[in-house]
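The values are calculated or read from the model by the stated rules, or taken from the named source; none is laboratory data. Every value quoted in this text rests on a predicted model; they were computed, and no experiment measured them. Glycine also receives a Cβ, built like all others from the backbone with ideal geometry; neighbour counts cover every protein chain displayed. Areas reflect the complete protein model, heavy atoms only, side chains present, ligands, DNA and RNA absent. Shrake-Rupley method; radii C 1.70, N 1.55, O 1.52, S 1.80 Å.
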Amino acid sequence: NHTKTQHKKSQMEGSINILSLSLLLILSLAQGGLTNPNCAKFHQDNKDSSTLQVIHVDSPCSPLKQQNAHSLSWVDSVLQMQNKDTNRLQFLASLVAAGRSFVPIVSGRQILQTPTYIVRAKIGTPPQTLLVALDNSNDFSWFPCGGCVGCSSNVLSYDKSTTFSNVSCERASCSLVPRRGCDAATCTFNLTYGGSSVGGTLSSETLALATDPIPEFLFGCVKKISGSNTPPQGLLALGRGSLSFISQSESLYKSTFSYCLPSYKSPNFSGTLRLGPNGQPQRIKTTPLLRNPRRSSFYYVNLVGVKVGKRIVDIPPSAFAFNSNTGAGTIIDSGTVFTRLVEPAYTAVRNEFRRRMGRNTTVTSLGGFDTCYTVPITIPTITLMFAGMNVTLPQDNFLIKSSSSSTTCLAMAASPADPVNSVLNVIASWQQQNHRILFDVPNSRVGVARETCS
């Protein structure tokens, strides 16, 4: 009897311990606003070395969502995103050149003036985790470091890592950083990102996405930020320059990657960044990848036309012409939210879209969106025509639909009128969502395939 009593007591104690752990886990998730069961997996270590999760920063699952002081209405959130695009395009204008891993991607709408998708990066030895923004139009990765003035509370504690080191001014790589300088023989940098000033030291550290470590990865260890338009936990550069992640990991991933961006409203961590030629889709429509020496970071493609319904819109060829001297042409960018077409192209597409709605349908506006409707409309298809590849967009990729009213807007706009961006067409993340976008640099091609990842 004594033995049975002790056994029952042990069972009860075990049950109480399990219950206590369960309550602690629930409380922990609740404190982070992550009570959705789909969110838990983002905070678990990923055992698949080829997949990383991607979510939007303002998703119900996002650990960064709690930074918002209040919830925005649908209209305010759309207008905010569009307003951020203006600064994003100014940033793009400033970027004039002077194995495999699956990484989860998260939608990050509320990361101010930055690429709107984030991945989890492990930096240092032992590894420290930061949620860093993806930017395929930038060559220089940077993360906030301990002691940074103007940074968020989530920083890299480099003094706790055994593999961290600063880079001397004598290293050849120092000549590649923006506005380089020297401070006690240490290479320093200063750059502008979305209207904010970012400065620090060029440093070296072990970086891993999923389980693939990249030793001596060169990045900017940020010591000071002036302004609020930067990703709070840093930036992972996927551009084509010498210091980009793609170039520094070339021996692992062969300058090849793809991503599927989930909807910014998706609560799931279902988007993925695939690194390396292995695991990429074998059957995918492709178009040639172009290179502009004056804007060497960008992934240029040859957009040749747009169809609204079955009709090819009458657009002058000069609107899409690639010109390395002026920077004109079309890029695919992960950081701009809404597609921008140069004024003659956008006006022609917009007018054809309006024509399909009928003469008696009243057109309204919403912020920078000039083609909105508050009555039910018949939606035509929109097809982006690239050299050798047509991409017909689902409605969710070219319309903004209010969940609280009947407002529907065409989710595109004209390029800004400034001298640089007025000649640049930008295929943005809203139009890319739920598509697999492949960047195959060695074979000079970009591929697009429909893939639901929201």
Using the heavy atoms of the protein chains and a 1.4 angstrom probe, tell me the accessible area per residue for region 174-306 in square angstrom. 35 Å²
In nm, spacing of pseudo-spin labels at Thr125 and Val375 (7 Å Cα→C-beta vector): 6.9 nm
Could you work out what % of the accessible surface of region 353-454 is carbon and sulfur, using a 1.4 angstrom probe and leaving DNA, RNA and ligands out of the count? 49 percent
Hull surface over four for the Cα convex hull of region 311-444, reported in nm², is 9.3 nm²
The pairs in Lys285/Lys307; Lys160/Lys223; Lys265/Lys307; Lys265/Lys310; Lys223/Lys254; Lys122/Lys223 lying past 23 Å Cα-Cα in this model are Lys265/Lys307; Lys265/Lys310; Lys223/Lys254
Assuming R0 = 45 Å, what is the FRET efficiency of Arg180 and Ser77, from their Cβ-Cβ distance, to the nearest 0.05? 0.70
Would you work out the Kirkwood radius for region 199-299? I mean one over the mean of 1/r across all pairs of different Cα atoms, in Å. 16.1 Å
Average silhouette area of region 290-337, convex hull of alpha-carbon atoms, in square nanometres: 4.1 nm²
How many percent of all Cα-Cα pairs in region 109-196 sit more than 14 Å apart? 72 percent
Could you compute the net charge surrounding Arg340? Neighbours are other residues with a C-beta less than 11 Å from the C-beta of Arg340; K and R count +1, D and E count -1. -2
Which of the peptides 432-439, 211-218 is most tightly packed, and how do the rest follow, judged by the mean count of other Cβ atoms within 10 Å per residue? 432-439, 211-218
Just going by the charge dipole of region 295-396, with Lys and Arg at +1 and Asp and Glu at -1 on Cβ, which of Asn390, Thr374, Phe320 is farthest out on the positive end? Thr374
Convex hull of Cα atoms in region 307-386, direction-averaged projection (nm²): 6.5 nm²
Measure off 7 Å from each Cα along the Cα-to-Cβ vector at Cys169 and Thr211, then give the distance between these two points in nanometres to one decimal. 4.4 nm
